[in-house]
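Notes for the one structure printed next.
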Amino acid sequence: MIKTALVLIFIVLFIPVVALGAEGQPFKALQEQIDQLKIQLQNIQLIPGPQGPAGPTGATGATGPTGPAGVANGITRAVHGAVSGDGEIIQGSGFHLGTGSMDRACWLDIYCWVTIYFDTPFSTTPTCTVSDLYGGGDEIHLGIGNVTETTFTVDTRHGEYDVIIVPPPVYAQHLPFTFICVE
């Protein structure tokens with residue numbers, strides 16, 4: 001019985017000392033361990049796992065507004081087309097051929113010209129180029145003249161005639177061509 005009493009006295013006196021800790025604060029040792037665990041958790045670097053499977057495709061949203069016109073190599077606008085020797089537009093839009101007597105004519109059967117009008121004027125004088133539509137080679141001569149914001153003229157000659165020849169050659173005719181004008 002004395003032994004049991006001594007054990008009980010020891011337990012009664014020892015447990016409060018352990019619970020209070022060295023400085024008399026209850027559960028300080030447990031709090032310190034919790035604080036250490038918090039620090040360890042903060043220092044854990046998460047390593048992502050493999051990519052999961054893609055989810056289902058959602059519904060298509062509404063179409064947004066049309067954006068502003070783009071610019072390619074500084075070109076903000078282009079008009080291009082192809083014109084037959086008969087003065088018909090083969091391809092292209094944004095232009096029309098002149099119909100007046102000086103819009104489509106030949107001069108002394110040496111060269112011919114056709115005037116092209118832009119449906120919407122350019123804001124500055126465009127840069128234009130013209131090419132033979134069917135690859136006539138050295139016999140075909142095309143030129144551009146009178147380029148403005150609203151119009152330009154294509155001169156066509158068939159053959160090597162740089163001076164007035166009397167009698168006139170029989171080669172003067174309207175020739176098919178392609179063109180492009182850019183701003």
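The values are calculated or read from the model by the stated rules, or taken from the named source; none is laboratory data. Keep in mind it's a predicted model, so treat the numbers as computed, not measured. Positions of Cβ are generated from backbone atoms using ideal geometry, with glycine treated the same way; all protein chains shown enter the neighbour counts. Side chains are part of the model used for accessible areas, which takes the heavy atoms of the whole protein and leaves out ligands, DNA and RNA. Shrake-Rupley method; radii C 1.70, N 1.55, O 1.52, S 1.80 Å.
Structure notes:
- Neighbours by Cβ (under 9 Å, 6+ apart or cross-chain): first from segment 166-183, open to solvent by 60 Å² or more (accessible area, probe 1.4 Å); second at pLDDT below 50: 168/161; 171/161
- Checked against (1) within 30 Å of residue 143 (Cα to Cα); (2) free of Cβ contacts under 8 Å to residues at least 40 places away in the same chain, residue 85 passes all but a single condition, namely (2).
- Odd one out for residue 19, checked against (1) assigned to a strand (DSSP E or B); (2) of a type in the set (Gly, Ala, Ser); (3) modelled with pLDDT under 80: (1)
- If the condition is being in contact with a strand residue (DSSP E or B) (Cβ under 8 Å, 6 or more places away or on another chain) and open to solvent by 30 Å² or more (accessible area, probe 1.4 Å), then segment 108-127 contributes 111, 113, 117, 119, 127.
Here's the yes/no breakdown for (1) within 15 Å of residue 79 (Cβ to Cβ); (2) of a type in the set (S, T, N, Q); (3) modelled with pLDDT under 75:
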position: 106; (1), (2), (3): no, no, no
position: 115; (1), (2), (3): yes, yes, no
position: 137; (1), (2), (3): no, no, yes
position: 140; (1), (2), (3): no, no, yes
position: 174; (1), (2), (3): no, no, yes
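- Given (1) open to solvent by less than 50 Å² (accessible area, probe 1.4 Å); (2) not in a loop (DSSP other than H, G, I, E, B), number of the condition residue 96 does not satisfy: (1)
- Search result, residues across segment 99-129 that are among the aliphatic types (A, V, I, L, M) and in a loop (DSSP other than H, G, I, E, B): 102, 108, 110
- If the condition is being open to solvent by 70 Å² or more (accessible area, probe 1.4 Å) and aliphatic (A, V, I, L, M), then segment 76-93 contributes 89, 90.
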